[in-house]
1. Test of understanding: among K21, K52, K64, which residue is out of contact with any Gly (no Cβ under 7 Å at 6 or more places or on another chain), closer than 18 Å to L275 by Cβ and outside the structural domain of M94 (by TED's automatic domain parsing)?
2. May I ask you to list the residues in region 33-78 that are within 21 Å of K12 (Cβ to Cβ), in a strand (DSSP E or B) and within 17 Å of the chain's Cα centre (by Cα)?
3. Can you find even one residue in region 6-17 that is touching a residue at least 60 places away in the same chain (Cβ under 8 Å), touching a Leu at 6+ places or on another chain (Cβ under 8 Å) and over 19 Å from T140 (Cα atoms)?
4. Looking at region 149-208, which of its residues are part of a strand (DSSP E or B), over 18 Å from V241 (Cβ atoms) and within 16 Å of the ligand (Cβ to nearest atom)?
5. How many of the residues making up region 232-254 are touching a residue at least 24 places away in the same chain (Cβ under 8 Å) and within 11 Å of the ligand (Cβ to nearest atom)?
6. Show the residue pairs that are 6+ apart or on different chains and have beta-carbon atoms under 9 Å apart, the first residue being within region 100-111 and without any contact (Cβ under 8 Å) to a residue 40 or more places away in the chain, the second being aliphatic (A, V, I, L, M) and in a loop (DSSP other than H, G, I, E, B).
7. Given the condition surrounded by 13 or more Cβ atoms within 10 Å (Cβ to Cβ) and in contact (Cβ under 8 Å) with a residue 60 or more places away in the chain, answer yes or no: does some residue in region 182-200 qualify?
Amino acid sequence: MGTILDGKALAKLKADKLKEKVKILKEKGINPLFCVINIGENPASQVYIRSKGRLAKKIGIEQKLYQLPTNTQESEVAELIKKLNADPSVDGMMIQLPVPEQINITNLMEIIDPSKDVDGLTPANSGRLWQGHHFVEPATPDGIIALIDHYQIDLEGKNVVVIGRSDIVGKPIAALALERNATVTILHSKTQNPEFYLKHADVIISAVGQANLIKADMIKEGAVIVDVGINHVDGHLVGDVDFDDVKNKAGWITPVPGGVGPLTVEFLMEQVVKLARRRNDRK
Ligand code: NDP
């Protein structure tokens, strides 16, 4: 069986270290505060917000939730963002995705102050990422790179195949893998013959949201499999990868749950602390 890439254990290790860092910041009078704007009643969003809140509390970060009704207009969210941009006590903010259809998230990303952009999704921070200037990155890709580094997997010269091209996972993880000198291919729903790319992949990072998308006969022997997908099947949480089928052929594999998920939440906290520290350095 391939080596399990244990995201849960790494997240705990990192959270313990971050807690120490926050303690030191607080002794200097810096109290990290980040705000979550949630529009509507998406049940999965509620679960994610609670899990962020729990970790924030454990680490010593204050999370403030702005819960807005489903019929909130984009202009109202824009006003709230401007208020938080101007509030010196706020270190960072994020808009919980997905948002109701009347809200254009791209417009709102133009308004968030990039120095308070916890998710790294503003145009300024997305651009910086592709230019190799690390200001703040989306948490999931950062967590994946930390996991790969922790297990000393070298991406240089490797064929890395990313499945999915979202702004929050697919594109930024492609940028980070490219920066590590991998040869990167991004697959999406219109890709012809995905099997061809998967067969030649040294590393597969799947961020689709489709259970059992990846089977053992699609991958190369010894490949590194990073499963970002979260799917609910018969009351269980599963990824995009058919874990039981793939685990014996893969060289390394992330479980779901316990792989990328815990690292995402932990790295969100890392970003909050990073922004808090930078903002205070500038004072
Ligand atoms: P999106 O829905 O934004 O993106 C999904 C991507 O998958 C799209 O680019 C889409 O292509 C592509 N896609 C859909 N079907 C196929 C297919 N059959 N073959 C190849 N590509 C396909 O999702 P996210 O990136 O936000 O999230 C992806 C998954 O990861 C979800 O399950 C989500 O819940 C999970 N997730 C998990 C996190 C964690 O911490 N573990 C964090 C964030 C997300 P196209 O662009 O052409 O439509």
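The values are calculated or read from the model by the stated rules, or taken from the named source; none is laboratory data. The structure displayed is predicted, hence computed values, not measured ones. Glycine gets a Cβ as well: all are built from the backbone with ideal geometry, and neighbour counts include every protein chain shown.
1. Working: K52 fails: outside the structural domain of M94 (by TED's automatic domain parsing); K64 fails: outside the structural domain of M94 (by TED's automatic domain parsing).
Among K21, K52, K64, only K21 is out of contact with any Gly (no Cβ under 7 Å at 6 or more places or on another chain), closer than 18 Å to L275 by Cβ and outside the structural domain of M94 (by TED's automatic domain parsing).
2. Scanning region 33-78 gives a single hit, F34.
3. For region 6-17, residues touching a residue at least 60 places away in the same chain (Cβ under 8 Å), touching a Leu at 6+ places or on another chain (Cβ under 8 Å) and over 19 Å from T140 (Cα atoms): absent.
4. The initial filter retains those residues of region 149-208 that are part of a strand (DSSP E or B), namely 159-163, 183-187, 203-206.
Then drop every residue that is not over 18 Å from V241 (Cβ atoms), which leaves 183-184.
If the condition is that a residue be part of a strand (DSSP E or B), over 18 Å from V241 (Cβ atoms) and within 16 Å of the ligand (Cβ to nearest atom), then V184 is the only one that fits.
5. Residues that pass the stated criteria total 4.
6. Matching pairs, first to second residue: I105/L97; I105/V99; I105/L121; L108/V99; M109/L121.
7. Looking for residues that are surrounded by 13 or more Cβ atoms within 10 Å (Cβ to Cβ) and in contact (Cβ under 8 Å) with a residue 60 or more places away in the chain, one finds none in region 182-200, hence no.
Table: residues versus (1) at pLDDT below 95; (2) over 28 Å from V226 (Cα atoms); (3) of a type in the set (S, T, Y).
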{"position": "I81", "(1), (2), (3)": "no, yes, no"}
{"position": "P100", "(1), (2), (3)": "no, yes, no"}
{"position": "E110", "(1), (2), (3)": "no, yes, no"}
{"position": "S126", "(1), (2), (3)": "no, no, yes"}
{"position": "H150", "(1), (2), (3)": "no, no, no"}
{"position": "D154", "(1), (2), (3)": "no, no, no"}
{"position": "G157", "(1), (2), (3)": "no, no, no"}
{"position": "R165", "(1), (2), (3)": "no, no, no"}
{"position": "K171", "(1), (2), (3)": "no, no, no"}
